[in-house]
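Engineer: Here it is, the structure, as structure tokens.
What follows draws every value from the coordinates through simple rules; no lab data is involved. All values derive from a computational prediction rather than experimental measurement. Using ideal geometry, Cβ is built from the backbone for each residue, glycine included, and neighbour counts are taken over all protein chains shown.
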Amino acid sequence: MTLPSRVDYTREAALLLIKLSAINGPLMFHQSGGCCDGSSPMCYLKGEFRVGSSDVLVGELVIAELNEPIAVWMSASQFEYWKHTHLTIDVVDGRGGGFSLESTEGKRFLTRSRLFTDEEWALLENSPVKTGA
């Protein structure tokens, strides 16, 4: 049985991620908890943001044009609030967060969400999630 994905991306986000990866190398996301950039997904060079035991791997974005998946992390406490939602990484015009790699592109990533269906949640409710180091 295949578990439903917890995170996905739009085609527009994929195109920007392909561009950012070509410029910077492998990427990762950490879903901001609201401190500096609201609740924006922050895009970093892989390993630039140090994840720890208080972070949860929400999922990975697999984009055919990239050599490796892009991990999407968030804090465990934030995950407790969002665990019932499917997240979609999207991109819109505007100024990105100062620490996020898209900030120089005139774009910014944002997270769209929807509640899991009852059927999806029944499959995910007791599935383990990976935490950071």
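Engineer: Give me the lysines in straight-line cross-link reach of Lys46: C-alpha distance below 22 Å, same-chain residues under 8 apart excluded.
Structural biologist: Hits, sequence-local ones excluded: Lys19, Lys107, Lys130.
Engineer: Order of 75-83, 123-131, 107-115 by packing, highest average Cβ count within 10 Å first?
Structural biologist: Descending packing order for the listed peptides: 107-115, 75-83, 123-131.
Engineer: Using the Karplus curve 6.51 cos²θ - 1.76 cosθ + 1.60 with θ = phi - 60°, work out ³J(HN,Hα) for each residue of the stretch 73-84 in order, rounded to whole Hz, and write x for Gly and Pro.
Structural biologist: With coefficients 6.51, -1.76 and 1.60, one gets 10, 7, 5, 4, 5, 5, 4, 4, 6, 9, 4, 8 Hz.
Engineer: What is the projected area of the convex hull of the Cα atoms of the stretch 37-91, averaged over all directions, in nm²?
Structural biologist: Over every viewing direction, the Cα hull of the stretch 37-91 projects on average to 4.6 nm².
Engineer: Fewest first, what order do Trp73, Trp121 take by the number of other Cβ atoms within 10 Å?
Structural biologist: Trp121, Trp73
Engineer: Of Ile89, Ile63, how do they rank once you tally other Cβ atoms within 10 Å and put the fewest first?
Structural biologist: Ile63, Ile89
Engineer: Shifting gears a bit: Treating only the Cβ atoms of Lys and Arg (+1) and Asp and Glu (-1) as charged, compute the dipole magnitude of the chain about its Cα centre; round to the nearest 20 debye.
Structural biologist: Value, rounded to 20: 280 debye.
Engineer: A further question on this structure: In nm, to one decimal, how far is the Asn24 label point from the Arg50 one, both placed 7 Å along Cα→Cβ?
Structural biologist: 1.9 nm
Engineer: Follow-up. How far, in degrees from 0 to 90, does helix 11-24 lean away from the longest principal axis of the Cα atoms of the chain, to the nearest 10?
Structural biologist: 60 degrees
Engineer: Moving on. Under the rule a/c < 1.5 gives rounded, and otherwise a/b versus b/c splits prolate from oblate, where does the chain land using the Cα gyration tensor?
Structural biologist: prolate
Engineer: What is the order of Val92, Val51, Val72, fewest Cβ neighbours within 10 Å to most?
Structural biologist: Val92, Val51, Val72
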